[in-house]
């Protein structure tokens with residue numbers, strides 16, 4: 001597989017229950033440990049961990065070790081858990097693995113290995129064609145009082161969240177061959193082709209949801225004005241408070257996609273197991289406006305500094321439009337061009 005995760009702990013628990021420091025130059029091999037009997041298919045989420053075998057034969061779980069880096073285009077880790085989602089889109093019916101590159105580093109020492117998770121095509125299958133979520137805007141830091149000038153600084157505006165990506169248009173053909181349901185999927189906008197197969201034990205889900213819009217960033221608070229002062233017989237006025245920054249706009253949700261499915265009569269019984277998710281993405285939340293800065297406190301006879309203005313709240317984005325499922329067809333078709 002090729003993973004996207006980083007670990008965080010310094011100590012790892014060995015299989016015998018004692019603690020042992022990971023010495024990179026003592027690693028014999030590394031591998032992904034998972035239960036091959038559990039349903040594993042493209043789009044599945046499975047429990048797995050990264051194990052190393054040391055030269056002395058001991059095994060260590062290094063899934064959360066800070067020295068570990070996994071890079072994958074096939075699998076994504078859920079935070080810092082041992083839950084991994086198989087996101088690979090197979091382009092050939094012969095593909096049955098999700099691959100990962102394992103790297104363990106300690107200063108100048110580097111250990112590298114490659115391993116994979118093998119599909120058994122059991123359980124549910126998810127064809128994930130969801131639009132990507134937008135990116136949240138940046139919230140700004142609050143302003144402090146100036147060291148030299150009298151007036152508080154204005155809070156910076158939160159940046160806007162980006163729009164969620166719309167799902168695209170797909171056509172799919174489904175048939176039965178060698179006791180496996182074969183699913184051919186083509187993106188009508190890019191002509192990219194995916195080829196899945198499954199034992200048909202569970203559901204088959206087309207996830208064509210639009211991506212959610214990113215949230216707007218919050219505006220920073222305005223800085224307070226400096227207090228009035230008297231220094232060497234010279235009066236300095238109280239400073240004015242800075243304005244709060246404005247909140248960023250939430251991004252729009254992406255539109256749901258569309259799919260047109262044709263089922264070969266030799267697999268008509270699969271139809272009740274098909275699910276379609278075509279909801280439009282949710283809008284991003286608006287960023288909050290920053291709070292005004294306070295005016296400086298006056299000395300006797302001085303006028304107090306004025307307070308700043310509150311920043312305004314950003315606008316919400318718009319929800320994406322729902323996609324649609326075109327009428328399902330049951331008809332024979334040539335398999336030669338789909339394999």
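The values are calculated or read from the model by the stated rules, or taken from the named source; none is laboratory data. Just so you know, these numbers come straight off a predicted model, no measurement behind them. Cβ coordinates were reconstructed from backbone atoms using ideal geometry, including for glycine residues, and neighbour counts include every protein chain displayed.
A few comments on the model shown:
- Test: residue in the range 121-132 that is in a strand (DSSP E or B) and closer than 30 Å to residue 22 by Cβ: no
- Among residues of the range 107-128 that are assigned by TED's automatic domain parsing to the domain that holds residue 167 and closer than 25 Å to residue 45 by Cα, none has a Cβ under 9 angstrom from a residue that is assigned to a strand (DSSP E or B) and at pLDDT below 90 at a sequence gap of 6+ or on a separate chain.
- Filter pass, residue 227 being modelled with pLDDT under 95 and part of a loop (DSSP other than H, G, I, E, B): yes
- Candidate set: the range 241-291, residues that are touching a strand residue (DSSP E or B) at 6+ places or on another chain (Cβ under 9 Å) and either outside the structural domain of residue 321 (by TED's automatic domain parsing) or crowded, with 24+ Cβ neighbours inside 10 Å (or both); chosen: the one nearest to residue 181 (Cα to Cα): 259
- Here residue 149 passes the criteria (1) part of a loop (DSSP other than H, G, I, E, B); (2) within 28 Å of the chain's Cα centre (by Cα); (3) surrounded by fewer than 20 Cβ atoms within 10 Å (Cβ to Cβ) except the one numbered (2).
- Matching residues in the range 67-81 - criterion: being surrounded by 17 or more Cβ atoms within 10 Å (Cβ to Cβ) and in a loop (DSSP other than H, G, I, E, B): 67, 72, 74
- Meets criteria (out of contact with any helix residue (DSSP H, G or I) (no Cβ under 8 Å at 6 or more places or on another chain), modelled with pLDDT under 95, closer than 30 Å to residue 241 by Cβ and assigned to a loop (DSSP other than H, G, I, E, B)) for residue 137: no
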